[in-house]
Structure formats: structure tokens, C-alpha cells
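What follows is one structure encoded as C-alpha cells, with my remarks underneath.
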Amino acid sequence: MLVIRLATVLVVLGLASGLVTGGCGDDSHGRHAVSGIVTVDGTPLAAGNISFQPMEGQASSGGSVISAGKFLVPSGGGLLTGKYRVVVHAPLPGTGGQASAGAPGEPPMPPSEMIPADWNTASEHFIDVREQGPFTFEFPIATRIK
């Protein structure tokens, strides 16, 4: 009788541990972590954000905060294979959230954009995410005419 109870307890514990560890795996459902660096005029972008918008009907998009030029979209929220439009935004320092000169209660003025329109509102920059990679990208943004 004691052997049967001990066996039952072991089976229950085994099933419970299987349920717990089964949900903790890195099952990204075909999504890929994407990382890289964003520079502006050769200097890592201090702060901003980057997003990847699907161009081929993929059921995924992704984005990340940029800090010290680096970004990471983890596999859990990563990108499926396909082509994505790259959009980068960064406020000019000291321009965001300032009170407007209008009537009291008006919302603050939006920050001025540091990044040229060809990298955000009119972006024609793309990446291709493939099964075999690469999954690390560099985005050198130029704000000055050379």
C-alpha cells in the first residue's frame, strides 16, 4: 500500500513538474530575436525607438527602445521571416513635453524629431529576416549632407 501511494505521489509530482517546465521553454513560434545598433552621423543614438513593420503580410511586427545605440527585440516578440520596413524615432533633446503657448489646458507640444523623415514617416529602409539570419543589423543614419 505504501509503495502504491509513493508511486502515485511520484507520478503526480512528475506530471506537475512537466507542466511547469513545459510552459517555460523558448518556444518562439518561428519568431526571431533581432538586435543591432543605430548611429546618427557616426555616433550611437543616445535614446529613441525602432520599429519593424511587415511588408509581406507577415503576422508580426516588432520594436524596441534604443539606448546607447543598441536595440533588442527578443524572440518572444520577435519577427517572422520576411521583409520589414525600418522606422526610427528620436526626440531632439529639450524639445519634448514643453507647455504650448496656447490656452491653459492644451496638451504639451510634441518633441521635435532628430531623425530625418527618410528613416521614419517616409522610410524606405528595409530588412529581410531569413530563417538562417542574419539577425543583427546596423542602421547608420546621416542627418548632414556630405
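The values are calculated or read from the model by the stated rules, or taken from the named source; none is laboratory data. Source: prediction; values computed, not measured. Every residue, glycine as well, gets a Cβ built from its backbone with ideal geometry; the counts of neighbours run over all protein chains shown.
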### Message
Which of the numbered conditions does Lys70 fail, given that it passes all the others? Conditions: (1) more than 13 Å from the chain's Cα centre (by Cα); (2) basic (Lys, Arg); (3) modelled with pLDDT of 95 or more.
### Response
(1)
## Note on the structure
For the stretch 20-36 the number of residues that are at pLDDT 95 or above and either in a helix (DSSP H, G or I) or under 13 Å from Val86 (Cβ atoms) (or both) is 2
### Query
Is there a residue being buried (at least 17 other Cβ atoms within 10 Å of the Cβ) and either of a type in the set (Gly, Ala, Ser) or at pLDDT 95 or above (or both) anywhere in the stretch 93-112?
no
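Might you check whether a residue that is over 14 Å from Thr136 (Cα atoms), of a type in the set (S, T, N, Q) and touching a Lys or Arg at 6+ places or on another chain (Cβ under 9 Å) occurs anywhere in the stretch 67-77? Give the steps one after another, and end with the answer.
Kept after step one, since they are over 14 Å from Thr136 (Cα atoms), are these residues of the stretch 67-77: 67-68, 76-77.
Among the residues that remain, those that are also of a type in the set (S, T, N, Q) are: 67.
Checking which are touching a Lys or Arg at 6+ places or on another chain (Cβ under 9 Å) leaves us with none.
Checked against the condition, which is being over 14 Å from Thr136 (Cα atoms), of a type in the set (S, T, N, Q) and touching a Lys or Arg at 6+ places or on another chain (Cβ under 9 Å), the stretch 67-77 yields no hits at all.
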### Summary
Scanning the stretch 44-83 residue by residue, those more than 16 Å from Ile115 (Cα to Cα), aliphatic (A, V, I, L, M) and part of a loop (DSSP other than H, G, I, E, B) turn out to be Met55, Ala59, Leu80
